[in-house]
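The values are calculated or read from the model by the stated rules, or taken from the named source; none is laboratory data. This one's a predicted model, so the numbers in the text were calculated from it and none came from an experiment. Every residue, glycine among them, receives a Cβ derived from its backbone with ideal geometry; neighbour counts consider all protein chains shown. Side chains are part of the model used for accessible areas, which takes the heavy atoms of the whole protein and leaves out ligands, DNA and RNA. Shrake-Rupley method; radii C 1.70, N 1.55, O 1.52, S 1.80 Å.
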Amino acid sequence: MMRAAWGRGALFVLALTFLGSGILRIADGTAMAIAREGAETGAAEDTADSPTPAAQPGLSEALAAIREREAAVTVREAQIEDRLAALDLAEAAIARQLAELEAAEARLMATMAQSERAAEDDLARLTSVYENMKPKDAVPLFQQMSPEFAAGFLGRMRPDAAAEIMAGLSPDTAYTISVLLAGRNALAPTE
């Protein structure tokens, strides 16, 4: 797409060069002189005394100006090509870095998923341990836990094991844990 725009720009510069040349000829009077001379000499153009383009006044200056413009256009084209090459390199570097970032993100997501699975496995194992303990041994542990922490385990336990542990807790602790368990999903959307 950039190369097509560059091509149109080059055509535009070339058209401006031809237009400028025409304007110079008209302003310089070269076109009028050529027309007058052609009318005066008629068929004598084939003779040796007809003026050469270098001998016509103003034509050599116009040719020099066109050559200067052509050189400037060539330099500009080279600059544009250099910029396009630099842009291509930059695009390739950005694409490579983006691919590296996406790969790093995928590795991070896999690590996080593995970590979450490991944490979930640890909680499930510990919950199973508390479920299988005798209530008289588990109650003192739950009594020492913060109510939020204890509610997390009791909410994951089988109802019969959780009920036996709750029955052994002090009424204040059992009430606090019950309120936490009941309110866990209070803020969840209902619709």
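Please verify whether Asp88 is modelled with pLDDT of 90 or more, over 24 Å from Ala174 (Cβ atoms) and open to solvent by 80 Å² or more (accessible area, probe 1.4 Å), treating the condition exactly as stated. Show your work before the answer.
Values: modelled with pLDDT of 90 or more: yes; over 24 Å from Ala174 (Cβ atoms): yes; open to solvent by 80 Å² or more (accessible area, probe 1.4 Å): no.
Judged against the criteria, Asp88 is not a match.
If you check Ala182, Ala167, Ala163, Ala99, which single one turns out to be in contact (Cβ under 8 Å) with a residue 12 or more places away in the chain and either open to solvent by 50 Å² or more (accessible area, probe 1.4 Å) or assigned to a helix (DSSP H, G or I) (or both)?
Ala167
Mind listing whichever residues of region 121-144 are among the basic types (Lys, Arg) and either assigned to a helix (DSSP H, G or I) or under 22 Å from Gly183 (Cβ atoms) (or both)?
Arg125, Lys136
Could you go through region 145-156 and let me know if any residue there is assigned to a helix (DSSP H, G or I), farther than 22 Å from Glu120 by Cα and of a type in the set (Phe, Trp, Tyr).
Taking region 145-156 as the starting set, the residues that turn out to be assigned to a helix (DSSP H, G or I) are 147-156.
When the remaining residues are screened for being farther than 22 Å from Glu120 by Cα, the result is none.
Within region 145-156, none of the residues are assigned to a helix (DSSP H, G or I), farther than 22 Å from Glu120 by Cα and of a type in the set (Phe, Trp, Tyr).
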